[in-house]
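Colleague: I'd like to ask some things about the structure below.
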Amino acid sequence: MAKEDTKDKKVHKFFELVPPGTNFKFVENRWRFIGLSIVLIVLSLASLVYNQVTSGSPLNMGIDFAGGSQIQLAFAEDQPVDIERVRGALDELGYEGSSAVEVPDRANEVLVRIKETISIDDATLQTCEAAVESVGDATLLDFTHPEGGSKLFLQFDIEPNYREVGRLLGAAGCQGAADKGAGVGMQIPSAGDGAEPREAFPVEVALVGIGAKVRDDLETKLGAGSIVDIVGAESVGSKVGDQLQTDGIKSMLFAIGFIFLYVMLRFDLRFAPGGIVALCHDAFLVVGAFALTGKEFNLQTIAAILTVIGYSINDTIVVFDRVRERVALHRDEPIEITTNAALNDTLSRTLLTSVTTLMVVAATYVLGSGPIKDFSFALIVGLLVGTYSSLYIATPVFLWVNRRFYAGRGHLQWAEQREGTGTLLGKEEIETKAKAARADEAGGDDDGDGPAVEVDGEEVAAAAEQALAGVRKTSRRRRRRRPEGGAEGGDGDE
């Protein structure tokens, strides 16, 4: 009955993308993939330099960083858009440095970029100020237009007629709607020493947007009614753009710096450099992809890069945690073998997580448009290089730091039991032990009377593993005897 019950009992099997026992040689092939990363980095640098020389900017900066205005115009559907004609019209109208491109996946829509952020110049502003020096009984006290702003801020000694203010400004060239400003009845200093503060009545004038002006100007060249709608318009001053660019760079540097501290404190200092090199590698390749494809680089791209940094370090920490665990359990094994085994242990999890995430992001890229499409593009590139860097960038850097600065301390490559102490063996001694073990299997002896045996590569590794098993067995037996015989208990015999 027991045997029948055993036969009838079902064994649960879990799906594994990578079969157990798989042993890809990640560590052995690391230099090939590091070389691939170097090629990609050089290609990214070349793209940045080429863009700088040809267009004056290493990246296709959006108005978030470059400053200016961006207007998306919808043209009439009864005739196709002639993009070259639109560009020529912008040049004829005097919009220096302007550009016009068709919006992907949007029929008859054009994205226009210009350097101007307001629809009036300084001379017109002076004319407008003179036009409203007095509005009925109200006298103008202050006239302010913030650089790159789309509003006028006026102050009168008494409350003016807002409609009349708008009419006078419009006649002078500052078209817009005037309305009551914030802080009505506020006190402002009066002219002259010792004079009492006077009440001021603020007025805000919302100027006609740059989008409306561009539309009206283009219709004079392309024909009335050729533009049916302003889909969107936004303006950013040059100073604001520079500040946003600086803040974006700072956010990435702060993220990388704090992640370095976290990995250093959470794991070990020898793990932190590998994680940081991998993060910089991922972020730079995403930037290089935007330089190579000419896609717009804006605040959404910065957000995507920060997302990639967080995702990449999460994947890297999972790998590092497995490496640390195996190193602690197998301290008498070569660290390269231990690390390679850890990478194979986490390979199934890494692929399943990355592939499922990539499927979602790819769907967003295919179905999305505009900023969402560019955001998804950055994530796709980041997911690919982030998964790759966890295996072939972060881990090799960890191995190099461990060997260069720690001399492999704590990770004994070979242990020879000599009177109860363990000593590190060099490469020649390792090969000698491997050859001797292999010669014994072939029927020879240590004096060379038996057949000559040459071993290398896998033969050395197999013989080394056999010898190492004996060392472990002896070490465990010695540790069991120490409580009875003291620290120096046992004579060291096999």
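What follows draws every value from the coordinates through simple rules; no lab data is involved. Worth saying up front: this structure is predicted, and the values here are computed from it rather than measured. Don't worry about glycine lacking a Cβ; one is built from the backbone with ideal geometry, like all the others, and counts go over all protein chains shown.
Colleague: Starting with the highest mean, order 49-62, 19-32 by the number of other Cβ atoms within 10 Å, averaged over the residues of each peptide.
Modeller: So the peptides 49-62, 19-32, ranked by packing, come out 49-62, 19-32.
Colleague: Which of the residue pairs 25/373; 115/221; 151/373; 213/250 have a Cα-Cα distance greater than 29 Å in the structure shown?
Modeller: Violating the 29 Å Cα-Cα cut-off are 25/373; 151/373; 213/250.
Colleague: Sequence-distant or interchain residues sharing an amide H contact under 5 Å with residue 231, placed H: which?
Modeller: 72, 73, 74
Colleague: Considering amide H positions built from the backbone, and no H for Pro or chain starts, which residues 5 or more places from residue 181, or on another chain, come under 5 Å of its amide H?
Modeller: Those lying under 5 Å, H to H, from residue 181 are 203, 204.
Colleague: Follow-up question, since we're still on this one. Would you grab the residues whose amide H sits under 5 Å from the one on residue 60? Only those 5+ places off in sequence or on another chain, please, with H modelled 1.01 Å from N.
Modeller: For residue 60, whose amide H was placed from the backbone, the distant partners under 5 Å are 297.
Colleague: Let me ask something additional. Can you work out the Karplus-derived ³J(HN,Hα) for every residue in the range 46-55? Use 6.51 cos²θ - 1.76 cosθ + 1.60 with θ = phi - 60°, whole Hz, and x for glycine or proline.
Modeller: Calculated HN-Hα couplings, in order: 4, 5, 5, 5, 4, 5, 5, 6, 7, 10 Hz.
Colleague: Over all alpha-carbon pairs of the range 302-402, lay out the pair-distance distribution in 10 Å bins, whole %, shortest bin first.
Modeller: Per 10 Å bin, starting at zero, the Cα-Cα P(r) for the range 302-402 comes out as 15, 42, 25, 13, 4, 0 percent.
Colleague: If we sort 216-224, 386-394, 65-73 on the protection proxy, mean other Cβ atoms within 10 Å, highest first, what's the order?
Modeller: 386-394, 65-73, 216-224
Colleague: Assuming 0.36 nm per residue, please report the length gained on full extension of the stretch residue 79 to residue 29 beyond their Cα-Cα distance.
Modeller: 12.2 nm
Colleague: Further question on the same structure: What FRET efficiency would be calculated for the residue pair residue 264, residue 39, taking the C-beta separation as r and a Förster radius of 25 Å, to the nearest 0.05?
Modeller: So the FRET efficiency works out to roughly 0.25.
Colleague: Follow-up. For the range 298-304, take each phi angle, set θ = phi - 60°, evaluate the Karplus expression 6.51 cos²θ - 1.76 cosθ + 1.60, and give the result in whole Hz per residue in order, putting x for glycine and proline.
Modeller: Once rounded to whole Hz, the list reads 9, 5, 5, 5, 4, 4, 5.
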